[in-house]
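The values are calculated or read from the model by the stated rules, or taken from the named source; none is laboratory data. In this text the structure is predicted, and so the values were computed from the model without any measurement. When we count neighbours, we look across all protein chains shown, and the Cβ atoms used for this are built from the backbone with ideal geometry, even at glycine. Calculation scope for accessible area: heavy atoms of the full protein, side chains included, ligands and nucleic acids excluded. Shrake-Rupley method; radii C 1.70, N 1.55, O 1.52, S 1.80 Å.
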Amino acid sequence: MTTEDRLRQAQEALSPWAQEADAPEPVRLDIVLDRSHLPSAVAALMNIRWGYLVAITGLDLGAEAKQYEVLYHFGSGAALLTLRVRIAHADSVVPSITGIIPAASVAERELSEMFGIRVIGLLDQSRLFLPDDWPDGVYPLRKDAVLEK
Amino acid sequence: MTTGSVPKRFSIPIGPQHPALKEPGHFDFSVDGEVVTGATVRLGYAHRGIEKAAENQNWVQNLYLLERICGICSHIHATAYCLGVEKLADVEAPPRAQAIRVLIAELERVHSHLLWLGVTAHEAGFDTLFMYSWRDRETVMDILESLTGNRVNYSANMLGGVKFDVTDDNRKAIERGVNFLETRTRHYLNVVTTDQVFVQRTRGVGVITREQAEQLGVIGPTARASGVLRDVRVEAPYAAYRDIPVQPVIETAGDLEARFVVRLKELFESYRLIRVILEQMPPGDLNVRMPRRPKAGEAISRVEAPRGELFYFIKSNGADNPERVKVRTPTLCNMASVLVTAVGQQLADVPMILAGIDPCFSCNDRAVTISKAGDATSAVWSWQQLRQYSQAYYRRRL
């Protein structure tokens with residue numbers, strides 16, 4: 001299957017939930033989703049055995065936008081699919097995808113401790129990278145994080 | 001002696017000072033007798049907050065910072081970052097630079113795989129193999145030092161190209177070294193597949209089936225030992241791999257022995273690639289001009305590190321510093337496989353299973369928390385404080 005075929009296949013599988021679609025590079029496809037549709041979309045991808053979860057990236061869009069963006073990157077051959085979920089700072093909650101991809105647990109734990117984004121349905125909410133004596137409520141990768149003591 | 005409730009299972013903590021590896025990581029294994037029934041992991045003992053630090057450094061400074069994520073595969077981190085930033089800036093490094101990047105990457109893979117061979121042989125109690133393979137590894141370390149001036153953190157990359165050329169003298173030295181290593185690797189492949197005592201520790205141990213590998217999202221040599229072709233050099237070639245195709249090495253057994261065979265056979269492929277690059281080295285410049293600030297946008301860069309796919313997500317808003325640099329290292333993907341495959345295995349095999357994925361904790365963990373000796377209070381230091389401390393420390397030593 002060529003890279004274009006793979007991307008087309010992913011786009012078709014995700015069409016019920018896609019709000020916007022964009023191709024930033026020939027091998028990439030970005031799809032914007034509402035967070036409530038994330039588990040269904042990921043399950044649809046896994047049902048057609050489309051690639052594997054490469055990484056989960058958190059982005060803080062800053063004080064003006066007052067939003068976080070969570071990117072779920074999937075790879076299949078050279079094709080790269082990114083599911084983008086935007087959430088407000090005041091309501092930073094995403095559903096867990098570990099019910100579909102158990103190995104996503106480490107990436108979701110990293111997301112939640114670094115950004116303070118609550119991942120609903122993630123069984124192991126303990127810290128993965130930050131030290132035991134790290135102060136509660138300080139999320140280092142937020143843009144407004146104050147790290148000096 | 002009390003006859004209260006008998007615990008149904010024991011939990012054995014291993015680490016953070018890890019007995020199997022020279023890097024920190026904490027595992028908790030629950031066991032029933034000698035058999036592992038469950039496993040959990042706690043990482044972060046080598047977490048340095050590099051992703052956060054990258055947001056406060058300019059584009060050039062970051063090259064040096066990110067190269068220090070890992071002491072084994074430093075070059076591939078710098079390459080992934082350079083390729084990503086060059087994509088953002090719409091600049092492509094000249095062909096000669098791309099070839100030199102790949103040449104160093106393959107030499108790095110040789111050193112990394114030989115290092116792994118020694119460590120894992122040591123876990124099996126086969127210290128003779130450990131000593132010999134590390135002696136031979138010095139050959140490639142010498143080559144890397146003569147090329148770049150450094151044994152680790154080669155600093156070969158710059159944004160827009162590479163910093164040095166490969167001379168005729170270098171070429172002869174590399175050819176000599178690779179010929180020697182090829183004979184040695186043939187010998188090691190023979191040893192790890194025929195030595196009866198060693199094979200008892202590896203054959204049928206820690207099996208990851210093809211289905212499991214696909215489901216767990218395992219990557220790199222660990223996936224290729226389970227019959228899953230995941231190799232960025234093959235699937236999405238970058239730099240000089242676009243002109244020099246890589247022959248993937250696949251094994252299907254999925255056990256520890258297959259992981260040995262895959263990595264050793266990959267060494268032969270690396271030797272071949274190194275020879276081809278030296279023969280077909282394109283002439284021309286080593287670098288092109290890069291703008292100081294790449295345009296606003298996002299870039300994803302994927303490269304094949306010795307341990308598997310390395311993923312960089314870089315976001316620019318057109319300023320002096322990147323908006324965000326996300327690094328996903330191969331060990332994070334493969335760690336889940338250890339937790340799953342350890343279950344049902346003998347506790348004594350766990351160090352080997354862990355070493356089998358070639359974990360790199362420095363890569364994996366990336367805030368700086370300092371506990372002063374004799375001082376119970378620990379404090380989180382800023383980058384500035386850390387710098388001042390290090391300067392004062394070295395001034396005292398002079």
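Mind listing whichever residues of the stretch B:341-353 are buried (at least 18 other Cβ atoms within 10 Å of the Cβ) and in a helix (DSSP H, G or I)? B:THR341, B:ALA342, B:ASP349, B:VAL350, B:PRO351, B:MET352, B:ILE353, listed by residue number. Close contacts from the stretch B:333-348, counting a first residue that is in the same structural domain as B:THR120 (by TED's automatic domain parsing) and within 15 Å of B:LEU256 (Cα to Cα) and a second that is open to solvent by 20 Å² or more (accessible area, probe 1.4 Å) and part of a helix (DSSP H, G or I), with Cβ to Cβ under 8 Å and a gap of 6+ residues or different chains, come to none at all.
So, B:THR139, is that one open to solvent by 30 Å² or more (accessible area, probe 1.4 Å) and within 11 Å of B:LEU107 (Cβ to Cβ) or not?
Details: open to solvent by 30 Å² or more (accessible area, probe 1.4 Å): yes; within 11 Å of B:LEU107 (Cβ to Cβ): yes.
Considered against the rule, which asks whether it is open to solvent by 30 Å² or more (accessible area, probe 1.4 Å) and within 11 Å of B:LEU107 (Cβ to Cβ), B:THR139 comes out as yes.
Scanning the stretch B:357-368 for any residue that is within 14 Å of another protein chain (Cβ to nearest Cβ) and aromatic (Phe, Trp, Tyr) turns up at least one such residue. You will find that of A:ALA43, A:ALA63, the residue that is part of a helix (DSSP H, G or I), at pLDDT below 90, open to solvent by 10 Å² or more (accessible area, probe 1.4 Å) and among the aliphatic types (A, V, I, L, M) is A:ALA63 and no other.
I'd like the full set of residues that are open to solvent by less than 80 Å² (accessible area, probe 1.4 Å) and of a type in the set (A, V, I, L, M, F, W, C), limited to the stretch B:181-215. The answer is B:LEU181, B:LEU189, B:VAL191, B:VAL192, B:PHE198, B:VAL199, B:VAL205, B:VAL207, B:ILE208, B:ALA213. Just one of the numbered conditions (1) among the basic types (Lys, Arg); (2) out of contact with any Leu (no Cβ under 8 Å at 6 or more places or on another chain); (3) not in a loop (DSSP other than H, G, I, E, B) is not true of B:ARG230: (3). Residues in the stretch B:89-116 that are within 22 Å of B:ARG292 (Cα to Cα) and among the β-branched types (Val, Ile, Thr): 1 in all.
Report yes if some residue within the stretch B:145-156 is surrounded by 17 or more Cβ atoms within 10 Å (Cβ to Cβ) and of a type in the set (D, E, K, R); otherwise report no. No, the stretch B:145-156 has no match at all.
Okay, residues lined up against (1) away from chain A (no Cβ under 14 Å); (2) on the phi > 0 side of the Ramachandran plot; (3) surrounded by 24 or more Cβ atoms within 10 Å (Cβ to Cβ):
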position: B:SER30; (1), (2), (3): yes, no, no
position: B:THR40; (1), (2), (3): no, no, no
position: B:ALA46; (1), (2), (3): no, no, no
position: B:GLY49; (1), (2), (3): no, yes, no
position: B:LEU65; (1), (2), (3): yes, no, no
position: B:HIS75; (1), (2), (3): yes, no, yes
position: B:VAL85; (1), (2), (3): yes, no, yes
position: B:ARG96; (1), (2), (3): yes, no, no
position: B:ILE100; (1), (2), (3): yes, no, yes
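Applying the set (1) assigned to a helix (DSSP H, G or I); (2) at pLDDT 95 or above to A:MET114 leaves exactly one unmet item: (2). Exactly one residue out of A:ILE48, A:ILE97 is open to solvent by less than 60 Å² (accessible area, probe 1.4 Å) and either touching a helix residue (DSSP H, G or I) at 6+ places or on another chain (Cβ under 6 Å) or among the hydroxyl-bearing types (Ser, Thr, Tyr) (or both): that is A:ILE97.
Might you check whether a residue that is among the acidic types (Asp, Glu) and closer than 18 Å to B:GLN61 by Cβ occurs anywhere in the stretch B:304-326? Yes; the residues of the stretch B:304-326 include at least one that is among the acidic types (Asp, Glu) and closer than 18 Å to B:GLN61 by Cβ.
Out of the residues in the stretch B:258-307 that are within 14 Å of chain A (Cβ to nearest Cβ) and among the charged types (D, E, K, R), which is least open to solvent (accessible area, probe 1.4 Å)? In this case the residue turns out to be B:GLU304.
Restricting the search to the stretch A:68-81, which residues are more than 8 Å from chain B (Cβ to nearest Cβ) and either under 18 Å from B:VAL325 (Cα atoms) or among the aromatic types (Phe, Trp, Tyr) (or both)?
Filtering the stretch A:68-81 for residues more than 8 Å from chain B (Cβ to nearest Cβ) gives A:68-70, A:72, A:74, A:76, A:79, A:81.
Matches in the stretch A:68-81: A:TYR68, A:GLU69, A:VAL70, A:TYR72, A:PHE74.
Note on the stretch A:112-123: residues that are open to solvent by 60 Å² or more (accessible area, probe 1.4 Å) and either hydrophobic (A, V, I, L, M, F, W, C) or out of contact with any strand residue (DSSP E or B) (no Cβ under 7 Å at 6 or more places or on another chain) (or both) total 2. Might you check whether a residue that is open to solvent by less than 50 Å² (accessible area, probe 1.4 Å), hydroxyl-bearing (Ser, Thr, Tyr), within 14 Å of another protein chain (Cβ to nearest Cβ) and touching a Pro at 6+ places or on another chain (Cβ under 6 Å) occurs anywhere in the stretch B:308-321? Within the stretch B:308-321 (the criterion being open to solvent by less than 50 Å² (accessible area, probe 1.4 Å), hydroxyl-bearing (Ser, Thr, Tyr), within 14 Å of another protein chain (Cβ to nearest Cβ) and touching a Pro at 6+ places or on another chain (Cβ under 6 Å)), the answer is yes, since at least one residue qualifies.
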